[in-house]
Amino acid sequence: MRVLGITAVLCLLAAAVSADPVRVRQPKADDEELAWWQTSVIYQIYPRSFKDSNGDGVGDLRGIINQLEYLQQLGVGAVWLSPIYQSPMVDLGYDISNYFEIDPVFGTMDDFNEFRDKAHSLGLQVMMDYVVSYTSDQIEWFQKSLRREDGYDEWYVWAVGERNESAPHGYNVPSNWLSLFRGSAWEWSEERQQFYLHSFTVNQPDLNYRDDGVVLQMKDVLRFWLDKKVDGFRVDAVSQMYEAEGFPDELPSGLTNDTEANNYLQHVQTQNRPETYEMIKQWRAILDEYQAADGKAKAMMLEVYDDPEIVMPYYGTPEEPGAQFPFNFYFISQLNAQSNASDVNRAVHLWMDNMPEGNWPNWVLGNHDQPRVGTRLGVARKDLFNMISLLLPGTAITFMGEEIGMENTHVSWEDTVDPWALNAGPDLYESVTRDPERTPFQWNTSANAGFTDEGVKPWLPVNENYLQGINVESELEADLSHIKVYRKLVDARGWRVAQRGALDTAIISEWVFAFTRTLDGEPTVVVVGNLGTDVETVDLSATFDGLPDQLTVHAASISSSTQSGATVSPQSVTLEAGVGLVLVANSTSAA
Ligand code: NOJ
């Protein structure tokens, strides 16, 4: 499994082994009003792949503007856009050359303004990608730093190791640090006669947050977009912001013999340094300042792949709050297509039991860096994992296309554009490439799945399964489809019990996982799923107390023999392979 910021997450908690449910405290027991970032599904758009409006084979803002009604009808509450800023596109937009401009491939600032206004008028919040750890080498700041210009001298991490006449540049590299995209994290600059640090591609030099100018500049970036009335941020590659002073070597991890691979080393010196937590708190204070000024909640969610003791402190404390939440990536790092009920239970508890009191959970099922859910967790289990992630307490984050069950697409070496894959070369690229999950969104059955015009070559190939029913239009027409299940789940998130109910999880059998959401005076919701490959019939009342004799099916996987509207006895619930059911104790009330 490839995970950015690779640290194998050790399973800290013993799995519950009996069928007795395990209670997790309520996320919000009181009547305090919940903010949009708590109740919403946050929908990630990878703009290059959503909708192309001008026939150049790359998605753009106008394409998104034209499809905003789709998102409103889907019921999601917020849209997070992967980077749309000016960029040479070495890392497909994560290498930014101007934080205050829109790249022409996506449109103009006027297009952005229109997008934001229309999103807001449809009740959708707008979240931007805040890329903080590095810039493009083409940005003016780096060019000035290269020339040691006024005040920009130390904006990037410049250094040389010991003098060594036999080394290619007359100096050793400052340390053994490795790029996440393979090979040394140090690149020689002829111009400055020093190495610079790059945690990712050589064209993404790391910013030096020990320079006050950088700190001020990046706060200006935040303020610029807050002034433009965005509602929040996904903060990119938070772990890589600071590194230890003096550049001490890192120790081998023992995880691989591949000395070029990033996980060859343990990243104690280069990731999640104490200063990073402090900077997040300063950014949070800026968000709070804007929230106090206009009365509208602002939110920050952080990209950090790591163990709970590293991730959880990013929530901050009541006195000094940090992010609204660091992303919960445990459904990505802890689960695979073979995971059984105790694996899922353990992943749920890994977050819930380690999250500091008073904070809000979240569930990330996928993103533009990870194989698609069907490919990663099992084609038959697509609906089940949407049920789990949307009905556990907290915010759900959906990567575009998961609502229609898109799968990874094979991308040949010739068509490969992901810089990580290009670095790995033709023999290794398939073990790291992220192109397969980034292929164009599948709208309908017309040419190129309706993503771009007929005859245009999209920037990545379209998955042929758009012709087998995996597309929005066909799924909306079908009696049973992933999108219809997804919409029922979004509806259920509006129920008071889903927003505030207690959570009890249970391992019903090796392959059947279940949880309930309960709240006084509200109908209980049961989510039950068969992760295995054989049909199972289970008795839910043997595990969960107080269930009525009949439960109504609110949502069911498309391959289930029991569909929504049916009633089942909790004493005998039959689940085909991979099938999930959302069962309700009686009629529900809106929150
Ligand atoms: C994190 C982003 O999610 C990923 O797509 C990108 O490649 C890296 N940052 C490096 O820019």
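Quick note: the coordinates plus some simple rules give every number you see, no bench work behind them. All values reported here derive from a predicted model rather than from experimental measurement. Note that we place each Cβ from the backbone using ideal geometry, even for glycine, and neighbour counts take in every protein chain shown.
Among residues other than PHE513 whose Cβ falls under 13 Å from its Cβ, what is the net charge (Lys/Arg +1, Asp/Glu -1)? Mind showing how you got there, number by number?
Details: positive: ARG346, ARG381; negative: ASP343, ASP504, GLU510, GLU536.
After counting each charged neighbour, the total is -2.
Sorting THR398, THR524 on the 10 Å Cβ count, fewest up front, what's the list? Can you show the working numbers first?
Details: THR398 25, THR524 22.
So the residues, fewest neighbours to most, are THR524, THR398.
Rounded to the nearest 0.05, what FRET efficiency do GLN563 and SER509 have when you use their Cβ-Cβ distance and R0 = 25 Å? Could the numbers behind the result be given before it?
Details: r = 23 Å, r/R0 = 0.92.
Here the calculated transfer efficiency is 0.65.
Please compute the modelled spin-label separation between GLU190 and ALA447, points set 7 Å along Cα→Cβ, answer in nm with one decimal.
Modelled inter-label distance: 4.5 nm.
Counting other beta carbons within 10 Å of each residue's own, what order do SER389, SER184, SER561 fall into, fewest first? Present the calculation step by step, with values, prior to reporting the outcome.
Values: SER389 25, SER184 18, SER561 11.
Ascending number of Cβ neighbours within 10 Å: SER561, SER184, SER389.
If you take every residue apart from TYR290 with its C-beta less than 13 Å away from the C-beta of TYR290, what net charge results, scoring Lys and Arg +1 and Asp and Glu -1? Please list the in-between numbers first.
On the way: positive: LYS219, ARG223, LYS228, LYS229, ARG284, LYS296, LYS298; negative: ASP227, ASP231, ASP288, GLU289, ASP294.
Summing Lys and Arg as +1 and Asp and Glu as -1 gives +2.
State whether segment 471-532 is rounded, prolate or oblate according to the following rule on the C-alpha gyration tensor (a ≥ b ≥ c being the square roots of its eigenvalues): a/c under 1.5 gives rounded; otherwise a/b larger than b/c gives prolate, and the remaining case gives oblate. Let's see the in-between values first.
On the way: a/c = 3.78, a/b = 1.37, b/c = 2.76.
Oblate, since a/c reaches 1.5 and b/c is not below a/b.
Within segment 258-364, report the trypsin sites (Lys or Arg not before Pro) that DSSP leaves as loop and that have at most 14 other Cβ atoms within 10 Å.
Numbers: sites: LYS281, ARG284, LYS296, LYS298, ARG346; in loops: LYS296, LYS298.
Taking segment 258-364 and a limit of 14 other Cβ atoms within 10 Å, the loop trypsin sites (Lys or Arg not before Pro) found are LYS296.
Note the full-extension length gain between ARG148 and ARG163 as 0.36 nm times their separation in residues minus their Cα-Cα distance, in nm to one decimal. Walk me through the intermediate numbers first.
Values: separation 15, 0.36 × 15 = 5.40 nm, distance 2.14 nm.
Contour length minus Cα-Cα distance gives 3.3 nm.
Please identify every one of the GluC sites (Glu not before Pro) in segment 24-99 that sits in a loop by DSSP and has no more than 12 other beta carbons within 10 Å of its own beta carbon. List each step's numbers first, then the result.
Values: sites: GLU32, GLU33, GLU69; in loops: GLU32, GLU33.
Sites meeting the loop and neighbour criteria: GLU32, GLU33.
What does the charge add up to near SER133, with Lys and Arg as +1, Asp and Glu as -1, over the other residues with Cβ less than 11 Å from its Cβ? Write down the numbers at each step before the final one.
Working: positive: none; negative: ASP206, ASP236, GLU243, GLU303.
Once all neighbours under 11 Å are counted, the net charge is -4.
Please work out the FRET efficiency for the pair LYS457 and GLN571, using the Cβ-Cβ distance as r and a Förster radius of 41 Å; give the result to the nearest 0.05. Mind dumping the intermediate values first?
On the way: r = 56 Å, r/R0 = 1.37.
Here the calculated transfer efficiency is 0.15.
May I ask for the distance between the Cα centers of segment 340-394 and segment 231-261, given as a whole number of Å?
That distance is 25 Å.
Grab the Cα-Cα distance for GLU464 and ASP110, subtract it from 0.36 nm times how many residues apart they are, and report the gain in nm with one decimal. Walk me through the numbers before you get to the answer.
Working: separation 354, 0.36 × 354 = 127.44 nm, distance 3.48 nm.
Computed gain between GLU464 and ASP110 is 124.0 nm.
Provide the per-residue ³J(HN,Hα) series for segment 392-409, in order, calculated from phi with Karplus coefficients 6.51, -1.76, 1.60 and θ = phi - 60°, each as a whole number of Hz, with x at glycine and proline positions.
Here the 3J(HN,Hα) series is 5, x, x, 8, 9, 10, 10, 7, 3, x, 5, 6, 10, x, 4, 10, 4, 10 Hz.
Would you calculate a helix-derived [θ] at 222 nm for the chain, using -39,500 (n - 2.57) for each DSSP H run of n ≥ 4 and dividing by the full residue count, to the nearest 500? It would help to have the intermediate numbers written out before the result.
Details: 16 runs with 146 residues, N = 591.
That calculation yields -7000 deg cm²/dmol at 222 nm.
Please list, ordered by chain and number, the residues whose modelled amide H lies under 5 Å from the amide H of GLN125; skip anything fewer than 5 residues away on the same chain.
ALA78, VAL79
Residue by residue through segment 199-207, which ³J(HN,Hα) values in whole Hz follow from phi under the Karplus form 6.51 cos²θ - 1.76 cosθ + 1.60 (θ = phi - 60°), with glycine and proline marked x?
Whole-Hz 3J(HN,Hα) from phi for segment 199-207: 6, 10, 6, 5, 8, 10, x, 6, 6.
Filter the GluC sites (Glu not before Pro) in segment 196-304 down to the DSSP loop ones having no more than 12 other Cβ atoms within 10 Å, then list what survives.
Numbers: sites: GLU243, GLU245, GLU250, GLU260, GLU275, GLU278, GLU289, GLU303; in loops: GLU243, GLU245, GLU250, GLU260, GLU303.
Those satisfying the criteria are GLU245.
Based on a Kirkwood Rh over C-alpha pairs, give the Stokes-Einstein translational diffusion coefficient of the chain at 10 °C and viscosity 1.306 mPa s in µm²/s. Can you show the working numbers first?
On the way: Rh = 24.8 Å.
For the chosen part, D equals 64 µm²/s.
Do the alpha carbons of any pairs in LYS51/LYS229; LYS382/LYS488; LYS229/LYS298 sit beyond 18 Å of each other, and which pairs?
In this structure, LYS51/LYS229 lie more than 18 Å apart at Cα.
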